[in-house]
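Below is one structure, written out as structure tokens, with a few remarks after it.
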Amino acid sequence: MTRAISPRAVTTLDSIKRSLVGLRMPRALEVLDATVRRIEQGEIDGISALDEILTEELTLRENRRVKTALLVARLTTIKTLASFDFTFQPSLDRERILALAELTFIDRSEVVHLLGPPGTGKSHLATALAVEAVKAGRSVVFSTLADLITSLAKAERDGSLRERIRYLCRAALLVVNEIGYLPVVPGGGNLFFQLVNARYEKGAMILTSNRGFAEWGEVFGDPVVATALLDRLLHHAVVIQIEGASYRLRQHADLVPEHVRSKALITPPPAPKRRGRPPGKATLDHAVG
């Protein structure tokens, strides 16, 4: 049986509402009346009601935080590990990917390489891992290689390259998607190297590519730059090779030429041997031109 609310209780309720407005707790204010009615009907006690109200407000704030962080990271298309079809790519070790989702590779400042032909799920996995990082409160920047180099080139022209690289180094995780899909503009490899060198052993990265490491000299238009990049990107690295057909073309596999369907696997070479400490910035700039 519902109990009538006393005038004093109404006054107290109004005071609570004013406090919630002052504290900028819109979700708590929204659910307050319904929660009070549940107390009156004996469904929950005061402590449980307080817990539910605060949980509702905290959930709203967390959702807002994640949404804002995803926008800052430029993750406009959201993918999750739950929506990834591991059965379509049986060569992929599901447990290994789920282990990466624990994000310890970020703490170790490691580089995760996702390699494979187009359509095999590299971007999906990279995005999903980035989303997990955002949810865990880690700062993330997501970009294609082409867009990243464009932004670095613009910063160089504006005289703000150092500041741009410093900004990109502040992110706990930098995701660089689609390495090898588009030709790198002259000088772009050098700019990318400066960023990689600045993040080396200081910040984690996820890189996706449809090209083998042996082809990076062609991708970046300079074997020296490619060697310098791989020297750092393979030092503390996790290499995941995805074998199989394109998920996007699964319904039209019979229309895909045989030589594309049976494209050779992208096999990474062994990590280059490191001797001594990495050369200083001046030496590196000279080496990569």
field: For the stretch 7-73: relative contact order, % (alpha-carbon pairs under 8 angstrom, 6 or more apart)
entry: 28 percent
- prompt: By per-residue mean of other Cβ atoms within 10 Å, what is the highest-first order of 23-31, 94-102?
  reply: 23-31, 94-102
query: Roughly speaking, what is the centre-to-centre gap between the stretch 174-250 and the stretch 63-102 when only Cα atoms are used, to the nearest Å?
result: 20 Å
query: If packing is taken as the mean number of other Cβ atoms within 10 Å per residue, what is the order of 202-214, 41-53, 147-159, highest first?
result: 202-214, 147-159, 41-53
- prompt: Which aspartates and glutamates have a Cα lying under 14 Å from the Cα of LYS122, excluding residues fewer than 8 positions away in the same chain?
  reply: ASP85, ASP93, GLU178, GLU243
task: Can you tell me how much longer the chain between ARG162 and ASP33 gets when fully stretched, taken as 0.36 nm per residue apart minus their C-alpha distance, in nm with one decimal?
output: 41.1 nm
query: LEU54 to ASP85: extension gain in nm, 0.36 nm per residue of separation minus the Cα-Cα distance?
result: 7.5 nm
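Laboratory data are not the source of any read-out in this text; all were calculated from the coordinates shown. None of these values were measured; they are calculated from a predicted model. Counting neighbours? That spans all protein chains shown, and the Cβs are built from the backbone with ideal geometry, glycine included.
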